[in-house]
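Step one of this worksheet: look at the structure below.
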């Protein structure tokens, strides 16, 4: 009996003889046995896993699927490949991180989905910190769809151009109560009608596969200039087919183009594009344009090329930015190209589009917004500019930061406060001049700082009379790079002093108070860490109030 007791105590004696290590990075020191119902070991740096299974629509495992993961705002991610059973797993993922997974394999549809690793990740109990993707379902791109396109007079529409969108070419069941709208899987294929008017779209999911996912085929055919005289003599065509209808209907699909000026087309409207705000979508990920990428706008009917007007401004709408626009696909789409270098990562822009329908003369004037960035490459947020709005015209107050003046803080990317939370600003400075820190509001160490509120621009900074007006009336996105607070310190700071003032925006304090994910970036990443700044400049007073 004594020998058994000695054997049980020996591992504990060995553990106490040296420094603890955690070579496997599981958050628990090596040498500690796995937790059970008797002993529980709490990890100091919780880590979790991301795992799942990829299947075909017939629930057969798909091997060798490439799974690429972006972790929060980290510059590098992880990757994995599914095994013969379609399974994959990625370890050592920080607890609470939001992850974006991209599933891809040649010959299959591509799918993107987001989820969150539980904040309880770690080793208590084993594997309790897993974000599960699955089953993930991908369709094979080995199907085709043929449509016979005819003119309004019933003749083959030779050379007609069409685009087929396959919507919901994949599916996934997410864990952690994530919503289905965080999953994107679509396929786009273009085709041209042959000498018989037959338009064939290859490399798409077969109807029987799409039926299992309750997906649809959306077809758009452009108007035609059949005789090449520069005048559109047929209208376009738009139709949706369910996967089930493709399976059950054996007849050939017929698309008869309308006359170029049909009656009853209704009002001109924007049906799609990569700037969702132009049709009422406010999600920043639906309004993100990569630098150098064109902006696409699709209409429900052709527009008159000469009627198109596009204007572009930055977040402040102070001046027009150079942009070119062209009408394509018989008037059904517009391609907008900002000048090189105009759209930058993490910046917000306003856009105005005006056009007149070629069928009936109805017009549309639509204002929207978008952000420069890549959905798959989130960026960290920093402070890029701090300035205070001078309120006095009398020296020396006109060059000092005085109590009651507004301080503007500009971040490197637009952010948004969630759930009514308000972050605070604290100065690492003696604001009351008593030689200490923490005894008055706004000093580091005090419980109360200066409340930082959104100052999303609706017009340019006021620097003249009359005040500068925006290029066009802009609409709020609810995300902004510009925030402000009112300085109320007892001490003033001279122009020389303000250039070196140190302060920080304490996002961490909200987390300590239990406000999880109180702020987020346009990439949907939470802001949980403090952002530091040094120095500010004067925003000149309106010279002619």
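The values are calculated or read from the model by the stated rules, or taken from the named source; none is laboratory data. Everything numeric in this text was worked out from a predicted model, so none of it was measured. All Cβ positions, glycine included, derive from the backbone under ideal geometry; neighbour counts span all protein chains shown.
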*Would you tally the residues in the stretch 512-523 being in contact with a strand residue (DSSP E or B) (Cβ under 9 Å, 6 or more places away or on another chain) and either outside any loop (DSSP other than H, G, I, E, B) or surrounded by fewer than 18 Cβ atoms within 10 Å (Cβ to Cβ) (or both)?*
4
_Of all residues being farther than 26 Å from residue 378 by Cβ and not in a loop (DSSP other than H, G, I, E, B) in the stretch 397-422, which is nearest to the chain's Cα centre (by Cα)? Just the residue, please._
407
*asked:* Among the listed residues 330, 368, 361, identify the single one that is crowded, with 16+ Cβ neighbours inside 10 Å, modelled with pLDDT under 85 and not assigned by TED's automatic domain parsing to the domain that holds residue 234.
replied: 330
*Yes or no: residue 297 outside any loop (DSSP other than H, G, I, E, B), modelled with pLDDT of 85 or more and within 19 Å of the chain's Cα centre (by Cα)?*
yes
*Can we say residue 489 is free of Cβ contacts under 8 Å to residues at least 60 places away in the same chain and more than 24 Å from the chain's Cα centre (by Cα)?*
no
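Yes/no per residue for (1) free of Cβ contacts under 8 Å to residues at least 60 places away in the same chain; (2) more than 19 Å from residue 314 (Cβ to Cβ):
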site	(1), (2)
393	no, yes
404	no, yes
412	no, no
417	no, yes
425	no, yes
431	no, yes
437	yes, yes
441	yes, yes
452	yes, yes
_Hey, residue 276 at pLDDT 90 or above and at positive phi or not_ = no
*Test residue 425 against the criterion of being under 18 Å from residue 507 (Cβ atoms) and either in the same structural domain as residue 524 (by TED's automatic domain parsing) or part of a loop (DSSP other than H, G, I, E, B) (or both), and give yes or no.*
yes
*asked:* Within the stretch 86-95, does at least one residue satisfy the condition of being touching a strand residue (DSSP E or B) at 6+ places or on another chain (Cβ under 8 Å), closer than 25 Å to residue 244 by Cα, assigned to a loop (DSSP other than H, G, I, E, B) and modelled with pLDDT of 90 or more?
replied: no
*Select from the stretch 70-85 the residues that are surrounded by fewer than 19 Cβ atoms within 10 Å (Cβ to Cβ) and in a strand (DSSP E or B) and list them in ascending order.*
78, 79, 81
_Selection from the stretch 485-495 of residues that are out of contact with any helix residue (DSSP H, G or I) (no Cβ under 9 Å at 6 or more places or on another chain) and either surrounded by fewer than 19 Cβ atoms within 10 Å (Cβ to Cβ) or outside any strand (DSSP E or B) (or both)_ = 486, 487, 488, 489, 490, 491
*Do we find that residue 456 is in a loop (DSSP other than H, G, I, E, B), in contact with a helix residue (DSSP H, G or I) (Cβ under 8 Å, 6 or more places away or on another chain) and under 23 Å from residue 412 (Cβ atoms) in this structure?*
no
_Subset of the stretch 252-267 [surrounded by 12 or more Cβ atoms within 10 Å (Cβ to Cβ) and either modelled with pLDDT of 85 or more or not in a loop (DSSP other than H, G, I, E, B) (or both)]_ = 253, 255, 256, 257, 259
*From 136, 158, 147, residue being in a strand (DSSP E or B), more than 21 Å from residue 182 (Cα to Cα) and either touching a residue at least 60 places away in the same chain (Cβ under 8 Å) or in the same structural domain as residue 206 (by TED's automatic domain parsing) (or both)*: 147
